[in-house]
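Peer 1: Attaching a single structure in structure tokens format; questions to follow.
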Amino acid sequence: MRIALPFLALTLGLLLGGTATAADDSAPLPVEHAQWSFEGPLGTYDRGALQRGFQVYKEVCSACHSLNLVAFHDLDGPGGPGFTEAQAKALAAGYKIPAGPNDKGEIFDTHGNPLTRPGVLADHFPPPFPNEEAARASNGGALPPDLSLIVKARAGGPDYVNSLLIGFSQKPPHGFTVQDGKFYNPYFAGRNIAMPPPLVDGSVTYADGTKSSVVQEAHDVVTFLAWAADPNLEARHQMGLEVMAFLVLLSGLLYLSYRKIWKGQH
Amino acid sequence: MAGNSTYVPATGFTRWLDKRLPILRLTHDTVSTFPTPRNLNIWYTFGGILTFCLGVQIVTGVVLAMHYVASADLAFNSVEGGIMREVNYGWLIRILHANGASMFFLAVYIHMFRGVYYGSYKEPREMIWILGVLIYLLMMATAFFGYVLPWGQMSFWGATVITSLFSALDQVIPHLGTAITTWLWGDFAVGDATLNRFFSLHYLLPFAIAAVVGLHIWALHIPGNNNPLGIDVKGPQDTVPFHPYYTAKDAFYLALFMILFAAFVFYAPDFFGNPDNSIQANPLVTPTDIVPEWYLLPYYAMLRSVPQKLIGVLVLLGSLVTLFLIPWLDSSKVRSCRFRPLMKQCFWVFALDCVLLGYVGSQSADAVLNLGGMQLPLVWLARAGTAYYFAYFWVLMPLVGRIERTKALPESIAKSVLGTAGERI
Amino acid sequence: MATAIKPEPTRRDFLYIATGAVGAVGTAFTAWPFIDQMNPTSAVLALASIEVDLASVQPGQQVVFKWRGHPLFVRRRTPKEIAEARAVAVTDLIDPLARNANLPDSAPATDANREFKPEWLVLLGVCTHLGCTPTVSTPQSPQGDYGGWLCHCHGSQYDTSGRVRKGPAPQNLAVPPYSFMSDTKIKVG
């Protein structure tokens, strides 16, 4: 290993040290780590946070962001926000789902609006805009991303989305130019973000009496979005425990068998 | 195999079967009684583990194909919406398949490095090695096609970048490369046609792998296993029957490997994944950093270390073709690095070199390393790493075998393992 | 290895048997997700019930809807058809059971046991022989001898209550689980 040692040191140094990034104003800040109930091998979603987070999504985010992959029947499914079937049905019925054409082949009602029907459990959350062009036109050319997988689709996961949501409170450093129609957010790449600050204290009124500070709202909606991105986390953690226990038992037995068979052979 | 079979059919049915399809005889001779060196260590259990990995990938893959839709419009939703949410246990089967690919490559790398360290590619086992390299290349192709199927951003752009390697041929014959990429894509860019043919090939290739695995094992049964000492088997005292000795040992280490596999599947299913692949493919927006899966990173680093497109592609190709040739590049008469002090050093530097290249491949192309005030562009590390990769095979392997003083080889496997030959049988 | 004949399992054998048994149990449990994945997905199950609007169906007319991937016959019977169906004695039937998911399994196949309202007959349009879709009989285009349906695959005939009267079909056409939400709306499933 004499020759290999310095090489090993160099490799390890590289892996641990990482590369230097040019420190300039527009490089995003590293995300802040927050505490999440779903972290760790035994993590589960906090039901209260999921329900409050759903409220934040419904009353704030859903004005611009779709949640295409999530269906209403997920809301009362196992491992989810824990709404009852009746609550989930009522929530679904509050959404208008495109319904045309009708028996006469019409796709618009007498006022020229597209035909709709109330949502049912089988439906997915309808998008706020009918198409990408409409979404861009309403948002200064920027496309609000679908939020179904947003927690998985960003490096840093829940910590990134959380940092971004509470990062609007930070002021740009002296001399930093915020582009026209954009907002300063130090956690966003380039630090100029097209999304206006979505959360303020009291954006929503929580049914369970929790005080709706920006930090609380962000925490709740990130928990909800983490569930939306990974709805089987609880089932997975539970099964993982069982599988691990089984494999440890099996390994133990296989080890004893192996030792017994090899006794005296090496 | 033939000629000295010890199989004796016990029942009327097995006697009947043995005359018509001697499959039980084959199993008996190749698995049950196959004489195997008694000193194989933990690194020799990866053959069995790899067979397990191939089985897992085929079974989970066949199931996923029942729910997957190979269409540019629907593929992403069929994976992220259908399989991951709606299909019963679809999430489990999908993360088994995705992490199974990484486990497969982890195991194959250990298997290959073991082969290199103990000189298992050397005469008379050249064909085992060559078939193994062929399996490895088929695995890379299969993994590449498979990674495209979820139709995320990294799927799409990975497919674009890798297929575009062929456009380097434009520098040899004008328009040839472009013609080939267009043919590969079935379109003017990666699209619906590309996705469908990749799906077809992704489903096909694993069966080709299984066939070559059959040849690989057949070739193994002609000379029998190499072993950590690298010396030949001299008699029955040097071996034990494969069953129950190595079935028991392989099963135990397979269970340990499954614990590692399960840890990723249940507690870190996205560890090997890339966040960008949770975004549906968008032909108009390229992610800021295109990174292949971890098991291809060293080759990616070598490709990027060369500023000239065609030469970069040739380096990449050369790094793979070289692997086929190492049985003839290595000049040493001694197989195992245990008895080759100098080659052992070179081997470990090579192993670290691969890790280093992997690291460089994972960083952005223009990254700069800050070493206490000294700025070192990573591309220079990539070049040094690439140079060593080729030097290891083309310079050190032929040279070291001629100049090094090897240590004395033990008299026999039995003597080395048991103290004195055959006494304790 | 051992040469002595062993009449009963030793402790050593017990270890191997235990190991094998645990491995077999693990394999069995592992098989379940791979079997269950072929069952209907949560999306399919969520779609298992539909609402049907009856307002546009005319007397004597049958309208076909799709429910759980099968044709659903909704027939608005004329008084003549109802009278014909009611005149049949249960003892004359091939299948004496109502086959109505809304009633106990033992309910007899009287016409009253085949519907909630005499005018409306709601049936699964799947021939109980081998699953073809029977063709509806109308005065203009009679199908079979009983005024109900004829299955062209193998000639089974059904009456105006959807009960099998002739041919290889063993059972009456099934009545799916449904309920009236209003006078003109039913919920099926």
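The values are calculated or read from the model by the stated rules, or taken from the named source; none is laboratory data. On a predicted model such as this, the values are computed, not experimentally measured, just so you know. Every residue, glycine as well, gets a Cβ built from its backbone with ideal geometry; the counts of neighbours run over all protein chains shown. Side chains are part of the model used for accessible areas, which takes the heavy atoms of the whole protein and leaves out ligands, DNA and RNA. Shrake-Rupley method; radii C 1.70, N 1.55, O 1.52, S 1.80 Å.
Peer 1: Have a look at B:ASP232, B:ASP18, B:ASP353 and tell me which one the Gaussian network model of chain B (Cα, springs below 10 Å) gives the largest fluctuation.
Peer 2: B:ASP18
Peer 1: Continuing with the same structure: In nm, to one decimal, how far is the A:ASN102 label point from the B:THR6 one, both placed 7 Å along Cα→Cβ?
Peer 2: That separation, rounded to one decimal, is 8.5 nm.
Peer 1: Once you charge only the Cβ atoms, +1 for Lys and Arg and -1 for Asp and Glu, what is the size of the charge dipole of the protein assembly as shown about its Cα centre, to the nearest 20 debye?
Peer 2: 3240 debye
Peer 1: Calculate for chain C the 222 nm mean residue ellipticity that helices alone would give, adding -39,500 (n - 2.57) per DSSP H run of length 4 or more and normalising by residue count, nearest 500 deg cm²/dmol. Write out the running numbers ahead of the final one.
Peer 2: Values: 3 runs with 39 residues, N = 189.
Computed mean residue ellipticity for chain C: -6500 deg cm²/dmol.
Peer 1: Next question. Label points 7 Å out from Cα along the Cβ direction at A:PHE183 and B:SER71: separation in nm?
Peer 2: With each label point 7 Å from Cα toward Cβ, the separation is 3.8 nm.
Peer 1: Moving on. Unpartnered cysteines of the protein assembly as shown (Cβ-Cβ under 4.7 Å counts as a partner)?
Peer 2: A:CYS61, A:CYS64, B:CYS53, B:CYS337, B:CYS346, B:CYS354
Peer 1: If you take the beta carbon distance between B:TRP218 and B:PHE113 as r and set R0 to 30 Å, what does 1/(1 + (r/R0)^6) give as a FRET efficiency, to the nearest 0.05?
Peer 2: Numbers: r = 23 Å, r/R0 = 0.78.
Plugging the Cβ-Cβ distance into 1/(1 + (r/R0)^6) gives 0.80.
Peer 1: Longer than 18 Å from Cα to Cα, which of C:LYS117/C:LYS185; A:LYS96/C:LYS66; C:LYS66/C:LYS185; C:LYS66/C:LYS166 are they? Say none if no pair is.
Peer 2: Working: C:LYS117/C:LYS185 12 Å; A:LYS96/C:LYS66 23 Å; C:LYS66/C:LYS185 15 Å; C:LYS66/C:LYS166 26 Å.
The answer is A:LYS96/C:LYS66; C:LYS66/C:LYS166.
Peer 1: Tell me which residues come under 5 Å, amide H to amide H, from B:GLY119 once H is placed; ignore anything under 5 positions away on its chain.
Peer 2: Residues meeting the amide H criterion: B:CYS337.
Peer 1: Another question, if that's okay. List the residues of the range B:207-227 whose backbone N lies under 19 Å from a point placed 7 Å from the Cα of B:LEU409 along the Cα-to-Cβ direction.
Peer 2: Correct set: B:222-227.
Peer 1: Whenever you get a sec, line up B:LYS122, A:LYS211 from highest to lowest accessible area (probe 1.4 Å, protein heavy atoms). Spell out each step's value before the answer.
Peer 2: Details: B:LYS122 15, A:LYS211 165 Å².
The ordering from most to least exposed comes out as A:LYS211, B:LYS122.
Peer 1: Compute the FRET efficiency between C:THR184 and A:GLU85 as 1/(1 + (r/R0)^6), taking r as their Cβ-Cβ distance and R0 = 25 Å, and round to the nearest 0.05.
Peer 2: Details: r = 26 Å, r/R0 = 1.04.
That pair, C:THR184 with A:GLU85, gives E of 0.45.
Peer 1: Mind checking which of B:GLY273, B:GLY61, B:GLY214 has the largest fluctuation in a GNM of chain B, springs on alpha carbons under 10 Å?
Peer 2: Looking only at B:GLY273, B:GLY61, B:GLY214, the largest GNM fluctuation is found for B:GLY214.
Peer 1: Also, quick follow-up: Could you derive backbone 3J(HN,Hα) for the range C:139-144 from the dihedral phi with the Karplus parameters 6.51, -1.76 and 1.60 (θ = phi - 60°), listing whole Hz in sequence and x where the residue is Gly or Pro?
Peer 2: Along the range C:139-144, the couplings run x, 6, 9, x, 10, x Hz.
Peer 1: When a/c is below 1.5 the answer is rounded, else prolate if a/b is larger than b/c, else oblate, so apply that to the protein assembly as shown with a ≥ b ≥ c taken from the square roots of the Cα gyration tensor eigenvalues.
Peer 2: Since a/c reaches 1.5 but b/c is at least a/b, the shape of the protein assembly as shown is classed as oblate.
Peer 1: Carbon and sulfur: what percent of the range B:319-425's accessible surface (1.4 Å probe)?
Peer 2: Numbers: 3240 of 5140 Å².
After summing per-atom areas, the C and S share lands at 63 percent.
Peer 1: State the Cα centre-to-centre distance between the range B:151-220 and the range A:213-266 in whole Å.
Peer 2: Comparing the Cα centres of the range B:151-220 and the range A:213-266, I get a distance of 35 Å.
Peer 1: Using alpha carbons only, how many angstrom separate the centre of the range B:1-45 from the centre of the range B:280-309?
Peer 2: 47 Å
Peer 1: Restrict the search to the range A:45-123; then list the trypsin sites (Lys or Arg not before Pro) that DSSP places in a loop and that have at most 12 other Cβ atoms within 10 Å of their Cβ.
Peer 2: Numbers: sites: A:ARG47, A:ARG52, A:LYS58, A:LYS89, A:LYS96, A:LYS104; in loops: A:LYS104.
Sparse-neighbourhood loop trypsin sites (Lys or Arg not before Pro): A:LYS104.
Peer 1: Show me, for the range B:95-100, the HN-Hα J-couplings you get by feeding each phi into the Karplus relation (A = 6.51, B = -1.76, C = 1.60, θ = phi - 60°), rounded to Hz, glycine and proline as x.
Peer 2: 6, 4, 5, 5, 6, x
Peer 1: On to the next question. What is the distance in Å between the Cα centroid of the range C:40-104 and that of the range A:37-101?
Peer 2: 36 Å
Peer 1: How much of the DSSP beta bridge set in chain C is antiparallel, as a percent to the nearest 5? Don't skip to the answer; put the middle values down first.
Peer 2: Working: 27 of 28 bridges.
So the antiparallel bridges amount to about 95 percent of the total.
Peer 1: Turning to a different aspect of this structure: By per-residue mean of other Cβ atoms within 10 Å, what is the highest-first order of C:133-140, C:167-174? Present the calculation step by step, with values, prior to reporting the outcome.
Peer 2: Numbers: C:133-140: 15.9, C:167-174: 19.2.
Ranking the peptides C:133-140, C:167-174 by packing returns C:167-174, C:133-140.
Peer 1: Now, a different point. At C:ILE17 and B:ASP192, where each label point lies 7 Å from the Cα along Cα→Cβ, what is the point-to-point distance in nanometres?
Peer 2: Here the answer is 6.2 nm between the modelled labels.
Peer 1: Using only alpha carbons, build the gyration tensor for the range B:167-253 and give me the equivalent ellipsoid semi-axes, biggest first, whole Å. Present the calculation step by step, with values, prior to reporting the outcome.
Peer 2: On the way: eigenvalues 455, 69, 20 Å².
Semi-axes, largest first: 48, 19, 10 Å.
Peer 1: Note the buried accessible area between B and A here, summed over both chains, with a 1.4 Å probe, in Å² to the nearest 100. Don't skip to the end; give the middle numbers.
Peer 2: Details: alone 21380 and 16690 Å², together 33470 Å².
Chains B and A together bury approximately 4600 Å².
Peer 1: Would you pull out the residues with amide H under 5 Å of C:THR135's amide H, same chain only if 5 or more places away, H placed 1.01 Å from N?
Peer 2: Correct list: C:LEU150, C:CYS151, C:HIS152.
Peer 1: With every protein chain left in place, what is the accessible area per residue of the range B:246-310 in square angstrom, probe 1.4 Å?
Peer 2: Values: 2830 Å² over 65 residues.
It amounts to 43 Å² per residue over the range B:246-310.
Peer 1: Let me ask another. Compute the FRET efficiency between C:ARG68 and A:SER169 as 1/(1 + (r/R0)^6), taking r as their Cβ-Cβ distance and R0 = 51 Å, and round to the nearest 0.05. Numbers along the way, then the final one.
Peer 2: Working: r = 53 Å, r/R0 = 1.03.
Between C:ARG68 and A:SER169 the formula returns 0.45.
Peer 1: Projecting each Cα onto the charge dipole of the protein assembly as shown (Lys/Arg +1, Asp/Glu -1 at the beta carbon, about the Cα centre), which of A:PRO197, B:LEU64, B:PRO244 comes out farthest on the positive side?
Peer 2: Positive-end residue among those listed: B:PRO244.
Peer 1: Highest GNM mean-square fluctuation, chain B, Cα pairs closer than 10 Å: which of B:TYR295, B:TYR121, B:TYR89?
Peer 2: Highest fluctuation of the listed residues: B:TYR89.
Peer 1: Separate question: Looking at chain B, what % of the alpha carbon pairs are farther apart than 38 Å? Walk me through the numbers before you get to the answer.
Peer 2: Details: 27297 of 90100 pairs.
Everything past 38 Å amounts to 30 percent.
Peer 1: Using θ = phi - 60° and the Karplus relation 6.51 cos²θ - 1.76 cosθ + 1.60, list the HN-Hα couplings for the range B:220-234 in order, rounded to whole Hz, with x at every Gly or Pro.
Peer 2: 5, 6, 6, x, x, 5, 6, 8, x, 7, x, 9, 6, 5, 9
Peer 1: How much accessible area does B:GLU123 have with a 1.4 Å probe, in Å² rounded to the nearest 10?
Peer 2: Rounded to the nearest 10, that gives 120 Å².
Peer 1: Evaluate peptide B:343-349: per residue, the Cβ atoms of other protein chains within 10 Å of its Cβ; return the mean as an integer.
Peer 2: On the way: counts 0, 3, 6, 2, 1, 6, 8.
Average neighbour count from other chains, rounded to a whole number: 4.
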